[in-house]
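Notes for the one structure printed next.
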Amino acid sequence: MRSYWAWLAWLGAVWAAALLQGGAEAAPRGALGCALFFACYFASPLVFRRPAALFALLTGALLASVAALPGIGAAGALYALLLAAYLAGEAVYRLPGRFAAAFGALAAAGATASAWLDAADSARALPAAFALLFAAAAAAALTLYRRERSANVEGGARFEALLSEYRKLKRQAKSGEDAARAEERTNVARQIHDSVGHKLTSLLMQIEMFRLNAAGEHLAAAEQMKRLAQDSLEETRRAVKTLQEQEQGGLPALLRLIRNLEAESYLQVEFTVRHGALSVPLGNEPSIAVYRAIQEAMTNAMRHGASRKVGILLESPGGRVFRFEVSNDADGGPEQPVREGFGLTAMRERIEKAGGELTLVRAGGQFLVRGTFKLEQGEERGR
């Protein structure tokens, strides 16, 4: 935006200098040419994506400057040459190759014509040979610039492709690590179940046989040994179940998720934690459900969001409920119904299974994922 105003000021200065030098006699023609030039200039942003229309507007601006400036003074052709060079640069920057080449030829012809037109009115006119040489130098410079710009665009596209593949490989590596850890937990759980669990079961059976044949103080000792063996077997079963069902959850896992997505996907995450949100007595299942819901919401924001900005809010209003909210920019104005795909449906089922409620809202250019847990329910489920 700053460059736009800078170039507009420069163009205004060129026309002002040319009109002031022309005096009162050339004022009507110069003013008309200036008006036509800026009419084409201000209309050009409306047709940036239509090369033919933009070519026509640039040509109109060129003709206005070539027709109006020569003859208004000794240096009228110089000002026309400046404007022709500027318009040629715009054409090279905005137009496809064939349109840019055609306009470059028109600009060179216009610069030469302005020199010839000026020669009839001034002894100190701009030589036509100078105009041609200037046009050739400008054409060479603009051609080199276009080649460099095309190379930069292609390099940027290759960089984006490589960056996308890099992110994909990192996600695959992370998924492989998670799968390896899950498999290792399963193997450990299986070994505990098959070895320790089996031996504790055999020990419990032998203690029961001893208790049936014991009497007196041996009977009391046998019953105590049986209770200890039963407690040990139950603890082993709980440990095996925990290993098999262990998932990420809690604030540390959430911070790792945010850090990874910011680094790999260039997300801008605004993470807000309000008073009491970190000390709520959430159980294991609600904590995992919150983590998975935020993970799915951020993934959806990357895929479907209108920008790379995501807001995450954790709060506990009044200490009675725990609430999380994920927001991102979305297309659309008024409130619209949300069509739940597989990911959102699975998110809702997980939240409701953990004892919470999920609300999805698309309104005011925002998409909101809001989950709420009553702390009494979350605490009971975590016990």
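The values are calculated or read from the model by the stated rules, or taken from the named source; none is laboratory data. Values in this document were obtained by computation on a predicted structure and should not be read as measured data. Quick reminder, even Gly has a Cβ in these numbers, built from the backbone with ideal geometry, and neighbours come from all protein chains shown.
Taking region 330-377, which residues are among the β-branched types (Val, Ile, Thr) and either in a strand (DSSP E or B) or modelled with pLDDT of 80 or more (or both)?
Thr345, Ile351, Thr359, Val361, Val369, Thr372
Which one of the conditions (1) part of a helix (DSSP H, G or I); (2) surrounded by fewer than 20 Cβ atoms within 10 Å (Cβ to Cβ); (3) modelled with pLDDT of 85 or more does Tyr4 fail to meet, given that it meets all the rest?
If we test Tyr4 against (1) part of a helix (DSSP H, G or I); (2) surrounded by fewer than 20 Cβ atoms within 10 Å (Cβ to Cβ); (3) modelled with pLDDT of 85 or more, just (3) comes out false.
Residues in region 274-284: is at least one of a type outside the set (Phe, Trp, Tyr), surrounded by fewer than 18 Cβ atoms within 10 Å (Cβ to Cβ) and closer than 13 Å to Arg370 by Cα?
No.
Any chance you could count how many residues in region 280-328 are among the acidic types (Asp, Glu) and in a helix (DSSP H, G or I)?
The qualifying residues number 2.
Name the single residue, out of those in region 263-279 being of a type in the set (A, V, I, L, M, F, W, C) and either within 30 Å of Leu169 (Cα to Cα) or assigned to a helix (DSSP H, G or I) (or both), that is modelled with the lowest pLDDT.
Ala263
Does Ala215 meet the test of being hydrophobic (A, V, I, L, M, F, W, C) and surrounded by 14 or more Cβ atoms within 10 Å (Cβ to Cβ)?
No; evaluated as a whole, the condition is false for this residue.
Can you name the residue in region 42-87 that is among the aromatic types (Phe, Trp, Tyr) and at pLDDT below 90 and, of all such residues, is surrounded by the most Cβ atoms within 10 Å (Cβ to Cβ)?
Top of the filtered list is Tyr79.
Are there any pairs with C-beta distances below 6 angstrom linking a residue in region 1-19 that is of a type in the set (Ser, Thr, Tyr) to a residue that is assigned to a helix (DSSP H, G or I), with the two at least 6 apart or on different chains, and if so which?
none
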